[in-house]
1. Can you order the peptides 12-19, 38-45 by their average number of other Cβ atoms within 10 Å per residue, highest first?
2. Compute the acute angle (0 to 90°) between the alpha-carbon long axis of helix 5-27 and the principal axis of greatest extent of the alpha-carbon atoms of the chain; round to the nearest 10°.
3. Computing the accessible area with a 1.4 Å probe over protein heavy atoms, can you report the carbon and sulfur percentage for the chain?
4. Using 0.36 nm times the number of residues separating residue 63 and residue 79, minus their current alpha carbon distance, what extension gain do you get?
5. So, R0 is 30 Å and r is the distance between the beta-carbons of residue 41 and residue 88; what FRET efficiency does that work out to, to 0.05?
6. Calculate one ³J(HN,Hα) per residue across the range 37-46 by plugging θ = phi - 60° into the Karplus curve 6.51 cos²θ - 1.76 cosθ + 1.60, and present them in order as whole Hz with x for glycine and proline.
7. Give me the number: length gained by fully extending residue 17 to residue 72, i.e. 0.36 nm times residue separation minus the C-alpha to C-alpha distance, one decimal in nm.
8. With the cut-off at 19 Å, report for the range 16-64 the share of all Cα pairs above it, as a whole percent.
Amino acid sequence: MTDHVVLRVIGKLMIPFILLYGLYVQAHGDFGPGGGFQAGVIVAAGIILYGLIHGVAATQRVVPPRAVEVLAATGVLVYAGVGFVTIL
């Protein structure tokens, strides 16, 4: 495997800003365009970029599979909970 130095350097520079922008979109979703879905897509794009540059094993060390499972289940429960609360 060849070492792509340029991709790694650009990734180190860009990924923190991508994640920070995702947090910004999440935090300011009430006051402007954006919100939860858009912020999730931006953060996921940053993580996917990290995975493409550094590989699956390195990405799983940063974001463990167990954390992904717990967050996915929590998201579904919150979504369903909001629906049940509004019905009541």
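1. 38-45, 12-19
2. Between the helix axis and the principal axis of the chain, the angle is about 10 degrees.
3. That fraction is 76 percent.
4. 3.5 nm
5. Working from the Cβ atoms, E equals 0.45.
6. Karplus-based 3J(HN,Hα) across the range 37-46 equals 5, 5, 5, x, 5, 5, 5, 4, 5, x Hz.
7. Gain on extension, residue 17 to residue 72, equals 17.4 nm.
8. Here the long-distance tail beyond 19 Å is 30 percent of all Cα pairs in the range 16-64.
The values are calculated or read from the model by the stated rules, or taken from the named source; none is laboratory data. Computed from a prediction, not measured in an experiment: that's the story for all the values here. Note: ideal-geometry Cβ built from the backbone for every residue, glycine included; neighbour counts use all protein chains shown. Protein only, heavy atoms only, side chains kept; ligands, DNA and RNA dropped before computing areas. Shrake-Rupley method; radii C 1.70, N 1.55, O 1.52, S 1.80 Å.
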